[in-house]
Each structure stands twice: as structure tokens, then as C-alpha cells.
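J.: Here's a structure for you.
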Amino acid sequence: MISVIEFKQVFKAGESEPIDMVLVAPQGAGNDKVRTWHRVDKIKPPATGRGGAPLSDVEKNGLSYKDMVAKWSVIEPRYNAWRQGNEVPETGTPLGVWGGVTQEQSDRLRSMGIRTVEDVVAMNDATCEKLGWASARKLPAMAKTFLESSDVAAKDAEIASMRERMAAMEAMLAETMNAEEKPKRGRPRKTENDEAA
């Protein structure tokens, strides 16, 4: 998958509004060597198909569209946090993605150094007490449930993608096998029975 390095705004000649840009890199080895800037509006999966028509099932199930959706799922929470002026965490799920806290509560958590949903899961009782609101003790359990459901959704998407690729490979294999079984043109080979006659 990809890692989000940073965001910036640029101004292009002839355009009155600034353009949001995102710098991404592949995860793992080569992260520091292969970095590319993309326009955010171009990397975001389209809501409609060609000519403004709704996306067809074929378009939604295409590998390139699914790839865009997977990349956007990594970029979007960080982009939204950046647009709101919040610090984009290096790792973890930004608080802005999680609906378990209000904006004011999220600001309070950030002021205490808690910037991700994973940080909320790791909070102890003393930290929950310092927050000073009634449901604060429930936050770690709520955050854990949110992360577990996100993991399940990501695994389901990965399994669906793998099934699609397997089906495509099976179709290609069947096509190849059918091509080999087709009779060849020309006179059939002589068999031992033909030579004896």
C-alpha cells in the first residue's frame, strides 16, 4: 500500500483557487526513494462515470477503481485532518475519522498528546479521569471496537479483490486449455492401425 508523506497547496497560472497536493510513497523499502506528488482531486475515486452517469457495476468492480478506493482510504482521513488544520499523525488512525468524539473532545484529546484512535485505545483510567466528561471511561472500548470493525472491512475488501483476481486467472487458464484442445487443421496423423491397413 502507500504512505502519506505530506500535503501542500500550489497555485497554477490561470486558476483562481489553490490546488491541494499530496505526496505519497510506497510502504516499506524504497519509501524514501520513490515519492510522487498528486493532485488530490485527481487521486480521489470519481463519484460518476463517463458523461456524468452513475458508475456502473463493471466500473465499480474494476481493478483500477478498487485500487483508487484503497489508496483513497489511506489518504482521505489524513487529508481531512490536514484540511481542518489538525496535525496529521505519522501512524495510526486520525481522530477526525472516528465518530466517537466531538470536535471539542477531539481537540481536548490532542492537547493531551492523544492524536490517534490507537492512542485512545491505550488510554488508562487516570487519563480518562483527566478528560472530565461523563463517557470518557468508555472511550478506549469504543475506539477498540471501531478499529476492529475497520480491520474486518479492510480484510473483506482484500479478500474480494483476491477472489476477483483468481476468477480472472481461472478464466485465462480455461481459455488457454481450450485453445490447446482445439483440433489442428490439416490431415490427421497416421496411427498404427492406418499403417497396418
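J.: Of the residues Pro46, Pro77, which single one is under 26 Å from Ser161 (Cβ atoms) and buried (at least 17 other Cβ atoms within 10 Å of the Cβ)? Walk me through how you get there before you give the answer.
T.: Details: Pro46 fails: buried (at least 17 other Cβ atoms within 10 Å of the Cβ).
Just a single option satisfies the conditions, and that option is Pro77.
J.: In this structure, is Glu158 at pLDDT below 80 and under 30 Å from Lys60 (Cβ atoms)? So that I can check it myself, show each step before the final result.
T.: On the way: at pLDDT below 80: yes; under 30 Å from Lys60 (Cβ atoms): yes.
Taking the combined requirement at face value, the residue satisfies it.
J.: Among the residues that make up region 122-139, is at least one of them within 16 Å of the chain's Cα centre (by Cα) and of a type in the set (Val, Ile, Thr)? Quick ask: steps written out before the conclusion?
T.: Let us first name the residues in region 122-139 that are within 16 Å of the chain's Cα centre (by Cα), namely none.
For region 122-139, residues within 16 Å of the chain's Cα centre (by Cα) and of a type in the set (Val, Ile, Thr): absent.
J.: Continuing with the same structure: Restricting attention to region 1-20, report how many residues are touching an Asp or Glu at 6+ places or on another chain (Cβ under 9 Å) and aliphatic (A, V, I, L, M).
T.: The qualifying residues number 2.
J.: OK, next. Could you grab me the full set of residues in region 94-104 that are surrounded by fewer than 20 Cβ atoms within 10 Å (Cβ to Cβ) and within 17 Å of Thr145 (Cβ to Cβ)?
T.: Val97, Trp98, Gly99, Gly100
The values are calculated or read from the model by the stated rules, or taken from the named source; none is laboratory data. The structure presented is a predicted model; accordingly, all values stated were derived computationally and were not measured. A quick note on method: Cβ atoms are made from the backbone with ideal geometry, for glycine too, and the neighbour counts reach across all protein chains shown.
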